[in-house]
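The values are calculated or read from the model by the stated rules, or taken from the named source; none is laboratory data. Given the structure is predicted, the values throughout are model-derived calculations rather than measurements. Using ideal geometry, Cβ is built from the backbone for each residue, glycine included, and neighbour counts are taken over all protein chains shown.
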Amino acid sequence: MTVPATEPVAEVSLREYGPAVSVPLGAGAGQALAASGILHSATPDPRRSGHWLLRAGSRVGALRMPEGPVVRITPKTPVSRLFFLLGFSLDPARAWRDSREGTVDIGTYDDVVPALAHAVERQIDGALRQGVLQGYREVEESASVVRGRLREAEQLRRHFGRTPPVEIAYDAYTADTAENRILRAAAERLLRLPDVPGPVRRRLAHQRARLADALPLIRGQELPVWRPSRLNSRYRPALRLAEAVLRGTSPEHRPAGAEPLAMDGFLLDMNKLFEDFVTVALREALTEHGLTARLQDPHHLDVAGLVGIRPDLVVRTGDGRIPLAVVDAKYKIEKTDGLLNADLYQALAYATVLGLREAHLVYASGRRPMRFHEVRGTAAGPNSRGVRIYQHSLDLSREPEELLTTFREIAGQLATGRREVA
């Protein structure tokens, strides 16, 4: 029996990796969501006409479709902890410790977009507290008087040597810097998002006005490049977070057979966020033992170099020359029969290519203690052990300091493994 169609909804609420929800949607909106890759799945509901079965995957946040609903995806991880992971991944040296808990200041908000908007606005306000940063920028223009350097080639090409006007270049001391452009663009981006609370929206508009002398960025262009210096040190926390906003998932999706469809929103991929946090936190912990680490270290599985592999993190000696262990982060839920065997095969392949005696898998789950598997047939001799694949569980609901302690323990184990190999 087919249930009659209902009017499309204005809002859809999903949960990260939660069960599929049957939602009344127009065909265009459903097809756009299906083609976007944002959700784990989006398919027509065979039992209800005009309904689509929507299931969220690893992306959390909110987005607005031009002719469809606002889609909100709630993370399983508490939002305060999520922003600690994000802040530490972006800038572990500062650790984003705006409170005793070590989290980014997200106010009292417990949804991703409101918390993000509040955090960015507070960071921008802190950056501008001592005034808007100014710097020198090269300007090229046509003018009626000579200022700076004459652009002779342009003068001949455009005006056949006649003056005025004159083609000139000069260094202007201005607020139109890369740093200010990025902060302004982040404020403008957040003002377009759904779910930004009214008080935060008004404060963001105020920050945008303070940055009015910086030119707006054109959507789709690369972000301007800035370099850390003594002068922009007060801007750095805001810049790191602003860049995360501008690089967040808000692409122009192209459904099959249709024109590009813009979806305004901000989505964090928990897979990528967990991977970034694990690798950065472990890299920092390894420095206490005189070890270094390479993130996303590229290698080849085969001799011909046709099959590429890229471990999340390769632990190396202090000089970076000798690999000691390999680590891969896995943001997934454990099955009742244990962790997926495919992860073990992948870790073994990494260890084999790098000639290592151990590999480590770090999971976003805290239900099981650390354990290892010793691979048969990999021992170098009768009195030596084979390759070991260690499995670690990381409980993201724990306090920030407890999480970092876990990484110090893993780093200590890696240092012990180095001595055993030596």
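Within the range 345-402, the residues that satisfy the criterion of being free of Cβ contacts under 8 Å to residues at least 12 places away in the same chain and not in a loop (DSSP other than H, G, I, E, B) are Tyr345, Glu402.
Exactly one residue out of Thr249, Thr287 is surrounded by 12 or more Cβ atoms within 10 Å (Cβ to Cβ), at pLDDT below 90 and polar (S, T, N, Q), and it is Thr249.
For the range 69-95, filtered to residues that are in a loop (DSSP other than H, G, I, E, B) and in contact with a strand residue (DSSP E or B) (Cβ under 9 Å, 6 or more places away or on another chain), the residue that is farthest from Arg240 (Cα to Cα) is Pro69. Scanning the range 354-373 for residues that are at pLDDT 90 or above and either out of contact with any helix residue (DSSP H, G or I) (no Cβ under 9 Å at 6 or more places or on another chain) or hydrophobic (A, V, I, L, M, F, W, C) (or both) returns Leu354, Gly355, Leu356, Ala359, Leu361, Val362. Confirm whether Arg15 is under 22 Å from the mean Cα position of the chain (by Cα), surrounded by 16 or more Cβ atoms within 10 Å (Cβ to Cβ) and among the charged types (D, E, K, R). Answer is no for this residue. Of all residue pairs spaced 6 or more apart or on separate chains, those with beta-carbon atoms under 8 Å, a first member in the range 66-78 that is under 18 Å from Ser397 (Cα atoms) and a second member that is of a type in the set (A, V, I, L, M, F, W, C) and assigned to a loop (DSSP other than H, G, I, E, B) are Thr77/Leu396. For the structure I just gave you, tell me whether Ile410 is under 27 Å from the mean Cα position of the chain (by Cα), surrounded by 19 or more Cβ atoms within 10 Å (Cβ to Cβ) and at pLDDT 85 or above. Criteria met by Ile410.
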